[in-house]
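K.L.:
If you scroll down you'll find the structure; I have some questions about it.
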Amino acid sequence: MTARLLRWLVVGAAALTLGSLALVVGYILIQGVPHLRPELFELEYTTQNVSMLPAIVNTLIMTAVSLAIALPLGVFAAVYLVEYARRGSRLVALIRITAETLAGIPSIIYGLFGLLFFVTALKMGFSILAGALTLALMILPLVLRTTEEALQAVPDLYREGAFGLGAGRLRTVFRIVLPSAAPGILAGVILAVGRIVGETAALLYTAGTVASFPKSILSSGRTLSVHMFALASEGLYVDQAYATAVVLLIVVFGINTLSGSIAKRIAKG
Amino acid sequence: MKTNAFREKAMRAVFLSAACVSVLAVLLISLFLFGGGFPGMAKIGFFEFLFGQIWKPMNGIFGILPMILGSIYITGYALLLGTPVALLTAIYLARFCPQRLYRVLKPAVSLLAGIPSVVYGFFGLIVIVPTVRQWFGGNGYSLLSGSTLLAMMILPTVITVTEAALRAVPETYYEAALALGAPHERAVFFVQLPAAKSGVLAGIVLGAGRAIGETTAVAMVIGNQARMPAGLVRGLRTLTTNVFLEMGYSADLHREALVATAVVLFVFILLINLFFGMLKRRMLA
C-alpha cells in the first residue's frame, strides 16, 4: 500500500516538473510566435517598431567580449590547479573556496559591484566593456570548474607519454592535455554563453539600456534579455515582449541541444 | 635550452596569476561592498538600519527589516512549494524512470535551468499574477506569486544535486534492503534516501541560495511595496529587488543604504555558501 502511494507520488512529481516546463515554454511559444513580425528585426530601433535587432547584435558582442576575458583566465587557472599546483597546497584551497564563493554570488551583487568598480571607480561609464567585465567575473567560476573537470578526465598516460618523448610541461599542456580536454571545455563555454544571454540584473547598471547599435565597446548597449525586461516592465509592448521571449527561448534551446550533444560525445569517449 | 626554461617559468607565472584572479575578485567585491555599505550603515545606525520597519528614502528613513523578512519569507515559501516536488522528481529520475523517458526528462530539467529569469518573470507576470488575483484575491502581485515562480525556478537546482546524491549511495545498500524483503519503493525511500541525507540537504541549501539571490523574475511579480510582509496575497519587497529598483536613481545616503542592503544580502549568501560547502564535504567524506 505504502509502496504504491510512493510510486504515485514520484510519478506525479516528475509529471509536475515536466508540466511546468511545458507550461512556460508552451504558453510563450503559442502566444509569442504570431507576434514575430519582420519589423521587429529592422535595422534601426524606434519606439514604433521596437526592433530587437540592435539588442541581438549587442548580445553577440557582449558574449564575445565576456568570453574573450573569462575563457583564458578560467582555462589558465584550471591548468594551474590541475597541472602545476601541489596537492593540498594552501593557495589551491584558497582559490577553490573563492571560486565557490563567486559561483554563489547572485547577479544583482555582481551588477552592483560592476557599477561601483568598473563603471564608477574605473570611469568606464555604462558601457559594453563594463558589462562584459562584470559578466566575465560571473562566468569565471563556471569556466574554471568545467575546465578543471575536463583536465582531470585526461588520462595520466597521455602526460607520461609526452614527458617520455621529451616534451616539457608547457608543451605537454598545450599540445596534449588541452586538445584532449577541448570538448569538456567547450561544454563549459556553452553553459557560460547561456548565462550571458539570460542575464539582466548584472547588466542593467553596468552596460545600461541604450537600444541602438554600439559605436564602440565603450558605448552603452542593452542585450536581448535587458531589452525584454524593458519591454515587459514598461507595459506598453507586451506583444513585442512575447516575441522577444520566443527568440530567447530559441537561443536557449539551441544552447541546450549543443551542450547535450557535446556531453554525449564526451561520454562515448 | 635556456629560453625553454625561461618560457616554462614565465607561463607557470601566467597560469598562477590567472588562478589568483578569483581570489582577487572576491577581495575586490568584498572591499567595494563593505567599504561602500558600512559608512552608510554607521550613519543610519546599525540597529535602525537592520531592524527599522520603515523605508522612506525621500524622508531619509532607511529601515530594511521589511526587505530582510521579505527575502526570508519568499525563499521559505518557495522551498516549501518546490522542495517536495524536486525531491520526488529526483527520486523518480534516479530510481524509477525507464531509460527511454530519462532521455526526455533529463534534458527537460536542464532546459528549466537554462530559461532566463526575465522569461520566467514575464511568464509570472502574464500567467501566475492573474491566476493568483482570480483565485485568491488581491491584485495578484504578491508573496504567493513570487514564491510560486521561485519554486519553479529552483526545481532544476534541487533536482540535479539530489539526483547526484542519490546515485552516489552505494548499490549494496539498496540490494541489502531488497534481500531483507523490502519492495523497491521502500528500499529507495527508507534506505537510499536517508543515506543520501547530506547531499539532499546540500541541494536544498543551494536552492535557497538561488531563491534568495533571484532578482529580475521576482521584481516582476511581487509588487515591490517597501512595507512589512502582510500576507500571502499582499505585495512585498526583497533585498535583491530593493537594490535593483532604486539603484538607478539613488544618490548620497540613499545609494549608501542600497549598497548596505546588498551587504546584508551578501552576508546571507556567504552563510548559505558556507553551509553548502560543509554539507558537500560531508557528502564526499
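K.L.:
Just one of the numbered conditions (1) in a loop (DSSP other than H, G, I, E, B); (2) without any contact (Cβ under 8 Å) to a residue 40 or more places away in the chain is not true of B:THR131; which one?
P.N.:
(1)
K.L.:
Now, a different point. Applying the selection to the range A:221-236, what residues are surrounded by 20 or more Cβ atoms within 10 Å (Cβ to Cβ) and not in a helix (DSSP H, G or I)? First the steps, then the outcome.
P.N.:
In the first step, residues of the range A:221-236 are kept if they are surrounded by 20 or more Cβ atoms within 10 Å (Cβ to Cβ); the result is A:221-232.
If the condition is that a residue be surrounded by 20 or more Cβ atoms within 10 Å (Cβ to Cβ) and not in a helix (DSSP H, G or I), then A:GLY221, A:ARG222, A:THR223 are the ones that fit.
K.L.:
Quick check on this structure: which one of B:VAL221, B:VAL263, B:VAL259, B:VAL188 is closer than 30 Å to A:THR2 by Cα and of a type outside the set (Phe, Trp, Tyr)?
P.N.:
Numbers: B:VAL221 fails: closer than 30 Å to A:THR2 by Cα; B:VAL263 fails: closer than 30 Å to A:THR2 by Cα; B:VAL259 fails: closer than 30 Å to A:THR2 by Cα.
Residue meeting the stated conditions: B:VAL188.
K.L.:
Sort out which residues of the range A:102-125 are more than 9 Å from chain B (Cβ to nearest Cβ) and free of Cβ contacts under 8 Å to residues at least 24 places away in the same chain, and write them in order of number. Even if it seems obvious, please write down each step before you answer.
P.N.:
So the first thing to find is which residues in the range A:102-125 are more than 9 Å from chain B (Cβ to nearest Cβ), and the list is A:114, A:118-120, A:122-125.
Of everything in the range A:102-125, those that are more than 9 Å from chain B (Cβ to nearest Cβ) and free of Cβ contacts under 8 Å to residues at least 24 places away in the same chain turn out to be A:THR120, A:LEU122, A:LYS123.
K.L.:
Mind telling me which of the residues B:ALA182, B:ALA187 ends up being without any contact (Cβ under 8 Å) to a residue 40 or more places away in the chain and either in contact with a Leu (Cβ under 6 Å, 6 or more places away or on another chain) or at positive phi (or both)?
P.N.:
B:ALA187
K.L.:
Of everything in the range A:197-220, what is in a helix (DSSP H, G or I) and touching a residue at least 60 places away in the same chain (Cβ under 8 Å)? Give them in sequence order. Steps first, please.
P.N.:
Quick first cut of the range A:197-220, residues in a helix (DSSP H, G or I) only: A:197-198.
Hit for the range A:197-220 is A:VAL197, nothing else.
K.L.:
Please go through the range B:22-54 and give me each residue that is buried (at least 19 other Cβ atoms within 10 Å of the Cβ) and closer than 29 Å to A:LEU133 by Cβ, ordered by number.
P.N.:
Going residue by residue through the range B:22-54, those that are buried (at least 19 other Cβ atoms within 10 Å of the Cβ) are B:22, B:25-26, B:29, B:32-33, B:36-37, B:40-41, B:44, B:49.
Within the range B:22-54, B:SER22, B:ALA25, B:VAL26, B:ILE29, B:PHE32, B:LEU33, B:GLY36, B:GLY37, B:GLY40, B:MET41 meet the criteria.
K.L.:
Could you count how many residues in the range B:94-108 are more than 7 Å from chain A (Cβ to nearest Cβ) and assigned to a helix (DSSP H, G or I)?
P.N.:
Residues that pass the stated criteria total 9.
K.L.:
Residues that are free of Cβ contacts under 8 Å to residues at least 24 places away in the same chain and of a type outside the set (Val, Ile, Thr): does the range A:135-156 have at least one?
P.N.:
Yes, the range A:135-156 has at least one match.
K.L.:
Mind listing whichever residues of the range A:165-196 are over 27 Å from the mean Cα position of the chain (by Cα), in a helix (DSSP H, G or I) and either without any contact (Cβ under 8 Å) to a residue 12 or more places away in the chain or buried (at least 20 other Cβ atoms within 10 Å of the Cβ) (or both)?
P.N.:
Across the range A:165-196, the qualifying residues are A:LEU170, A:ARG171.
K.L.:
Tell me, yes or no, whether the range B:142-165 has at least one residue that is touching a residue at least 40 places away in the same chain (Cβ under 8 Å), outside any helix (DSSP H, G or I) and either within 12 Å of chain A (Cβ to nearest Cβ) or surrounded by 24 or more Cβ atoms within 10 Å (Cβ to Cβ) (or both). Reasoning before the result, please.
P.N.:
We begin by selecting, within the range B:142-165, every residue touching a residue at least 40 places away in the same chain (Cβ under 8 Å); these are B:142-163, B:165.
Still in the list and also outside any helix (DSSP H, G or I): B:142.
From what's left, either within 12 Å of chain A (Cβ to nearest Cβ) or surrounded by 24 or more Cβ atoms within 10 Å (Cβ to Cβ) (or both): B:142.
Looking for residues that are touching a residue at least 40 places away in the same chain (Cβ under 8 Å), outside any helix (DSSP H, G or I) and either within 12 Å of chain A (Cβ to nearest Cβ) or surrounded by 24 or more Cβ atoms within 10 Å (Cβ to Cβ) (or both), one finds at least one in the range B:142-165, hence yes.
K.L.:
Moving on. For the range B:175-219, name all the residues that are in a helix (DSSP H, G or I) and among the hydroxyl-bearing types (Ser, Thr, Tyr).
P.N.:
From the range B:175-219, those in a helix (DSSP H, G or I) are B:175-179, B:184-195, B:197-213, B:216-219; that's our starting set.
Matches in the range B:175-219: B:SER198, B:THR216.
K.L.:
A:GLN240 fails exactly one of the following numbered conditions: (1) under 25 Å from the mean Cα position of the chain (by Cα); (2) surrounded by fewer than 20 Cβ atoms within 10 Å (Cβ to Cβ). What is the number of that condition?
P.N.:
(2)
K.L.:
Name the residues in the range B:242-262 that are more than 9 Å from chain A (Cβ to nearest Cβ) and surrounded by fewer than 23 Cβ atoms within 10 Å (Cβ to Cβ), would you?
P.N.:
Result: B:LEU245, B:GLU246, B:TYR249, B:SER250, B:ALA251, B:ASP252, B:LEU253, B:HIS254, B:ARG255, B:GLU256.
K.L.:
Within the range A:145-157, is even one residue surrounded by 22 or more Cβ atoms within 10 Å (Cβ to Cβ), of a type in the set (Val, Ile, Thr) and in contact with a helix residue (DSSP H, G or I) (Cβ under 6 Å, 6 or more places away or on another chain)? First the steps, then the outcome.
P.N.:
Initially, the range A:145-157 is screened for residues surrounded by 22 or more Cβ atoms within 10 Å (Cβ to Cβ), giving A:146-148, A:150.
From what is left, the residues that are of a type in the set (Val, Ile, Thr) are A:146-147.
This time we only want the ones that are in contact with a helix residue (DSSP H, G or I) (Cβ under 6 Å, 6 or more places away or on another chain), so: A:146-147.
Within the range A:145-157, one or more residues are surrounded by 22 or more Cβ atoms within 10 Å (Cβ to Cβ), of a type in the set (Val, Ile, Thr) and in contact with a helix residue (DSSP H, G or I) (Cβ under 6 Å, 6 or more places away or on another chain).
K.L.:
Tell me yes or no: at least one residue of the range A:145-164 is part of a helix (DSSP H, G or I) and facing another protein chain (nearest Cβ under 10 Å). Write out each step before concluding.
P.N.:
Of all residues in the range A:145-164, those part of a helix (DSSP H, G or I) come to A:145-152, A:156-164.
Narrowing further to those that are facing another protein chain (nearest Cβ under 10 Å): none.
No, the conditions are met nowhere in the range A:145-164.
K.L.:
In the range A:229-248, is there at least one residue being closer than 12 Å to B:VAL119 by Cα and away from every other protein chain (no Cβ under 11 Å)?
P.N.:
Yes: the range A:229-248 contains one or more residues that are closer than 12 Å to B:VAL119 by Cα and away from every other protein chain (no Cβ under 11 Å).
K.L.:
Looking at the range B:55-63, can you tell me whether even one residue there is touching a Ser or Thr at 6+ places or on another chain (Cβ under 8 Å) and surrounded by 23 or more Cβ atoms within 10 Å (Cβ to Cβ)?
P.N.:
Our first condition is that a residue be touching a Ser or Thr at 6+ places or on another chain (Cβ under 8 Å); within the range B:55-63, this holds for B:57.
If we keep only those that are surrounded by 23 or more Cβ atoms within 10 Å (Cβ to Cβ) as well, we get none.
Looking for residues that are touching a Ser or Thr at 6+ places or on another chain (Cβ under 8 Å) and surrounded by 23 or more Cβ atoms within 10 Å (Cβ to Cβ), one finds none in the range B:55-63, hence no.
K.L.:
Quick one: which of B:ILE272, B:ILE204 is at the interface with chain A (Cβ under 9 Å from one of its Cβ atoms), surrounded by fewer than 24 Cβ atoms within 10 Å (Cβ to Cβ) and farther than 29 Å from B:LYS56 by Cβ? Talk me through it step by step, then tell me what you get.
P.N.:
Numbers: B:ILE204 fails: at the interface with chain A (Cβ under 9 Å from one of its Cβ atoms).
Answer to the selection: B:ILE272.
K.L.:
Quick one: which helices (runs of 4 or more DSSP H) lie wholly within the range A:32-124 and hold at least 3 residues that are at pLDDT 95 or above and crowded, with 20+ Cβ neighbours inside 10 Å? Spell out how you get there, then give the answer.
P.N.:
Details: elements: A:53-79, A:90-104, A:107-114.
In the range A:32-124, the matching helices (runs of 4 or more DSSP H) lie at A:53-79, A:107-114.
The values are calculated or read from the model by the stated rules, or taken from the named source; none is laboratory data. These numbers were taken from a predicted model, which means no experiment stands behind them. Quick reminder, even Gly has a Cβ in these numbers, built from the backbone with ideal geometry, and neighbours come from all protein chains shown.
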